[in-house]
Amino acid sequence: MDRPIRVLVAKPGLDGHDRGAKVIARALRDAGMEVIYTGLRQTPEQIVQAAIQEDVDVVAMSILSGAHNHLFPKVVNLLREEGVDDVLVIGGGVIPDEDMPGLKEAGIEEIFTPGTSTKEVVEFIKNNLKR
Amino acid sequence: MNLGERLLKGDRRACARLITMLENNDDQAINILKDLYKHSGNAYVIGITGAPGSGKSTLTDKIAKEFRKKGKKVGILAIDPTSPFTGGAILGDRIRMNDLTLDKNVFIRSMGTRGSLGGMSRATWGAVKVLDIFGMDYIFIETVGVGQSEVDIVKIADTVLMVMVPNLGDDIQAIKAGIMEIADVFAINKSDLDGADRTKLEIEMNLDLSDQKEYRPPVVKVSARQSENIGELVDKLMEHRKYLEDTGKIVERRKKNIRLEIMKLAEEEFMRLIMNKALGENLLEDLVNNVVLKEMDPYTAKDRLIELIKE
Ligand SMILES: Nc1nc2c(ncn2[C@@H]2O[C@H](COP(=O)(O)OP(=O)(O)OP(=O)(O)O)[C@@H](O)[C@H]2O)c(=O)[nH]1
Ligand SMILES: [Mg+2]
C-alpha cells in the first residue's frame with residue numbers, strides 16, 4: 001500500500017533548541033513522510049497522547065539537555081500502558097555511549113547521535129516499521 | 001470488539017485508526033462508516049479559514065478552549081499542504097494547540113492535503129463523520145492557508161469563520177476574489193497590531209455592497225495571541241448557528257452539502273474506474289500516441305475511454 005509513513009517529531013525536556021528536530025523533520029518530509037511537528041518542551045504524556053491521536057508509525061524524539069535516561073523510557077512505558085505496541089520509537093541528541101544499552105533495553109529502538117546523516121534515519125525508519 | 005464498536009464506545013485509538021484508514025483509501029473504513037452513519041449528526045462543524053499565517057491555529061486553540069469551558073467536546077482537524085513533489089508534509093498546526101493534547105474531551109488530528117486542492121484533504125469528509133460518531137459536539141476544521149480558489153470548506157462546514165489580519169495589502173484582493181461570499185463570521189485577528197480598525201471598515205464596506213438580507217456576517221476584532229475578545233467571537237459563531245437553526249436554513253445547507261458530497265464521491269469512483277481500466281490495459285498510452293501522431297483527435301480518444309467503462 002502506498003500510504004505515507006507518519007512520524008511524530010517531538011522535543012521532550014526543557015532545552016530550548018529545536019534546530020536538530022527541524023532538520024530531521026524536513027528530511028523526513030523530503031523522503032515522503034508526513035511529519036507531525038509538536039515543538040519544544042513536550043512532556044512524555046503529551047507526546048504519547050499526540051502519538052495516539054495522530055496514529056503515527058514512528059515517534060522520533062530529540063533531547064540535548066541530558067534528561068534522556070528519564071524521558072525516553074518514560075515515553076515507551078506510557079505507550080505500553082496505553083496498549084500501543086505498533087509504534088517505532090527512536091531518539092536522537094547528545095547521548096553518551098554508555099547510556100545506549102540502557103536506552104535500547106528500555107525500548108528505544110535506535111539512537112542517533114549528532115554525526116548521523118538524515119539519510120540513515122530515513123533508511124532506519126523505512127526498514128523498521130512495526131506495521 | 002471491532003473498530004466500529006470501539007469508536008462508538010469512545011475509544012481514542014479506534015478513532016485515530018479509522019481516520020488513518022480513510023486517508024489511505026481503505027474500504028474497510030468506508031464499510032464501518034456505512035454501518036455507523038446513523039449514529040452521526042450530533043456534531044456542529046465550524047470551518048476556520050484564512051491566509052497563511054493569519055493565526056488560524058492559534059485562534060482555533062483559543063476558541064476550542066472557550067467551548068471546553070462550556071463543557072462541549074471538541075474535535076479538531078488541522079490540514080496542512082502535502083508537497084506535490086515528494087508526497088511528504090510537515091504538519092505544524094498542532095504546535096499551537098499543545099495545551100489541549102491532554103484534555104480527554106478534545107481530539108486533534110493533523111492531515112496532509114495529499115494532492116487535493118480546495119484547502120482540505122479528500123479524507124476530511126470521512127474524518128468529520130468519525131469524530132461525530134466518536135461523540136464530539138463541535139468539530140473545527142482548520143484549512144490550509146487559502147488563496148483564492150481553495151474554498152471547499154463551505155461544502156462541509158455549518159459555519160465558516162474567515163480569519164483576516166490587519167494591513168495585509170491584498171485583503172481587498174481577497175474580497176474581490178470572492179472569498180467574502182463564503183464567510184459567515186469574520187475575525188480580524190492580530191488586532192493587537194495597528195490597522196485592525198481600518199481592516200474592519202473595509203470589510204464592513206464590502207458587506208454593505210453585497211446583498212444579504214436577513215443575515216449579515218459580523219466582523220469581530222480579536223487577538224488570539226493575547227486571548228482578547230475570544231468570548232465575543234464565540235458568541236457570534238453561536239448566533240450564526242442559532243440563525244441557521246431558527247430559520248431552518250441549517251437543513252437546506254446540510255442538504256446542499258450532502259448532494260455535493262455524493263456527487264464528489266461518484267466522480268472519484270468514476271475517475272478511478274476509468275484510470276484503472278485505461279492504465280491497466282495500456283489504453284491511455286496508446287490513445288495519447290495516436291493523438292500525438294494525428295491519427296486520432298482527443299475527442300474520439302475520450303469516447304474510447306468512456307466506451308471502456310460502459311462495457
Ligand atoms: N501579534 C499577533 N500574532 C499572532 C496572533 N495570533 C497568532 N499570531 C502569530 O502568527 C503566527 C502564525 O500563527 P498560526 O496560528 O500558526 O497561523 P496559521 O494561520 O495557523 O498558519 P498556517 O497554518 O501556516 O497557515 C505565529 O507566530 C503566531 O504567534 C495575534 O493575535 N497577534
Ligand atoms: Mg495553522
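Worth a mention:
- When the stretch A:1-21 is filtered for residues that are within 9 Å of chain B (Cβ to nearest Cβ) and either free of Cβ contacts under 8 Å to residues at least 24 places away in the same chain or more than 19 Å from residue A:127 (Cα to Cα) (or both), the ones remaining, listed by number, are A:1, A:2, A:3.
- All of B:115, B:169 fail the test of being at pLDDT below 95 and within 14 Å of chain A (Cβ to nearest Cβ), apart from B:115.
- Breaking point among (1) modelled with pLDDT of 95 or more; (2) in contact with a strand residue (DSSP E or B) (Cβ under 8 Å, 6 or more places away or on another chain), for residue B:129: (2)
- Scope the stretch B:110-121; condition in a strand (DSSP E or B) and either out of contact with any helix residue (DSSP H, G or I) (no Cβ under 7 Å at 6 or more places or on another chain) or closer than 21 Å to residue B:9 by Cβ (or both); matching residues: B:112
- Taken together, B:5, B:23 contain a single residue that is surrounded by fewer than 16 Cβ atoms within 10 Å (Cβ to Cβ) and either out of contact with any Pro (no Cβ under 8 Å at 6 or more places or on another chain) or in the same structural domain as residue B:162 (by TED's automatic domain parsing) (or both), which is B:5.
- Subset of the stretch B:45-59 [among the β-branched types (Val, Ile, Thr) and within 9 Å of residue B:163 (Cβ to Cβ)]: B:48, B:49
- Filter result (in a loop (DSSP other than H, G, I, E, B), within 16 Å of ligand 1 (Cβ to nearest atom) and buried (at least 24 other Cβ atoms within 10 Å of the Cβ)) within the stretch B:122-145: B:143, B:144
- The strands (runs of 3 or more DSSP E) falling completely within the stretch B:1-109 that include 3 or more residues that are at the interface with chain A (Cβ under 9 Å from one of its Cβ atoms) and either within 16 Å of ligand 2 (Cβ to nearest atom) or touching a residue at least 12 places away in the same chain (Cβ under 8 Å) (or both) map to B:89-91.
- The combined condition, being assigned by TED's automatic domain parsing to the domain that holds residue B:159, hydrophobic (A, V, I, L, M, F, W, C) and at pLDDT below 95, is not fulfilled by residue B:67.
- As for the stretch B:231-248, it holds no residue that is more than 14 Å from chain A (Cβ to nearest Cβ), touching a residue at least 40 places away in the same chain (Cβ under 8 Å), touching a Gly at 6+ places or on another chain (Cβ under 7 Å) and within 16 Å of ligand 1 (Cβ to nearest atom).
The values are calculated or read from the model by the stated rules, or taken from the named source; none is laboratory data. What you see is a predicted model, and the numbers here were worked out from it, not measured in a lab. In this analysis, Cβ positions are derived from the backbone assuming ideal geometry, glycine residues included, and neighbour counts consider all displayed protein chains.
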